[in-house]
Amino acid sequence: MAPSIQIIKLTESAVPFIRELSLRVWPQTYAAIITAKQIDYMMNMIYSEDSLRNQIVNLGHQFITAYEGSEPMGFASYSPKVGDESTCRLHKIYVMPEAQGKGVGKLMVDFILAEMDTMGADKLELNVNRHNPARSFYERLGFSVVLEEDIDIGNGYFMNDYVMRRKR
């Protein structure tokens, strides 16, 4: 991992930037897994500026980005799990295609694990699509599958996920 990679916490003012990054990485991440129509639906539902603002302001999601120099390498978001404050939820973690393999994802997860101290959490939990090859990345970081779930997100679409968890 390059020592010049830095993690920066983002605020509500970064919503357009987060949206821009999501448009650069999210559709191509899922192009081989879900339909283009579902991608468009989910981009609107999860990554519209209004949705991102709601995640930060009302749901308490903390967004971070990884930079190498002035280049954004990826982003993530996390928060305490609703109803279980011993668990931190990793809501999103995406690394730009050109930055994959440089340790950026691990660096962001390590940052979140360190942040868990201030939250009083000792477990980190995430959902990953059952067909997403990122599952092996999470397993290398010590996550394991604890259950499968199918989440109805409306419009006839489902997220078919594994829930993965690891101890700090």
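Before moving on, here are some points about what is shown:
- Under the condition of being in contact (Cβ under 8 Å) with a residue 24 or more places away in the chain, over 23 Å from LYS106 (Cα atoms) and buried (at least 17 other Cβ atoms within 10 Å of the Cβ), the residues counted in segment 1-44 number 5.
- Hey, PHE111 under 16 Å from TRP26 (Cβ atoms) and either in contact (Cβ under 8 Å) with a residue 12 or more places away in the chain or within 13 Å of the chain's Cα centre (by Cα) (or both) or not: no
- Matching residues in segment 12-35 - criterion: being more than 12 Å from SER48 (Cα to Cα), under 16 Å from the mean Cα position of the chain (by Cα) and not aliphatic (A, V, I, L, M): ARG24, TRP26, PRO27, GLN28, THR29, TYR30
- Residue identified as touching a strand residue (DSSP E or B) at 6+ places or on another chain (Cβ under 6 Å) and surrounded by fewer than 21 Cβ atoms within 10 Å (Cβ to Cβ) among GLU98, GLU68, GLU85: GLU68
- Restricting attention to segment 91-115, the residues being closer than 14 Å to SER77 by Cβ and touching a Lys or Arg at 6+ places or on another chain (Cβ under 7 Å) number 0.
- Residue that is closer than 22 Å to PHE17 by Cβ and in contact with a Cys (Cβ under 6 Å, 6 or more places away or on another chain), where the choices are TYR94, TYR78: TYR78
- From the list GLY154, GLY74, the lone residue that is small (Gly, Ala, Ser) and buried (at least 20 other Cβ atoms within 10 Å of the Cβ) is GLY74.
- Identity of the residue in segment 1-55, in contact with a helix residue (DSSP H, G or I) (Cβ under 7 Å, 6 or more places away or on another chain) and of a type in the set (Phe, Trp, Tyr), that ends up farthest from PHE75 (Cα to Cα): TYR30
- Within segment 108-124, no residue satisfies the criterion of being in contact with a helix residue (DSSP H, G or I) (Cβ under 8 Å, 6 or more places away or on another chain) and small (Gly, Ala, Ser).
Values quoted throughout were computed directly from the atomic coordinates according to the rules given, and no laboratory measurement underlies them. What you see is a predicted model; the values in this text were computed from it and never measured. For neighbour counting, all protein chains shown are included, and Cβ atoms are generated from backbone atoms with ideal geometry for every residue, glycine included.
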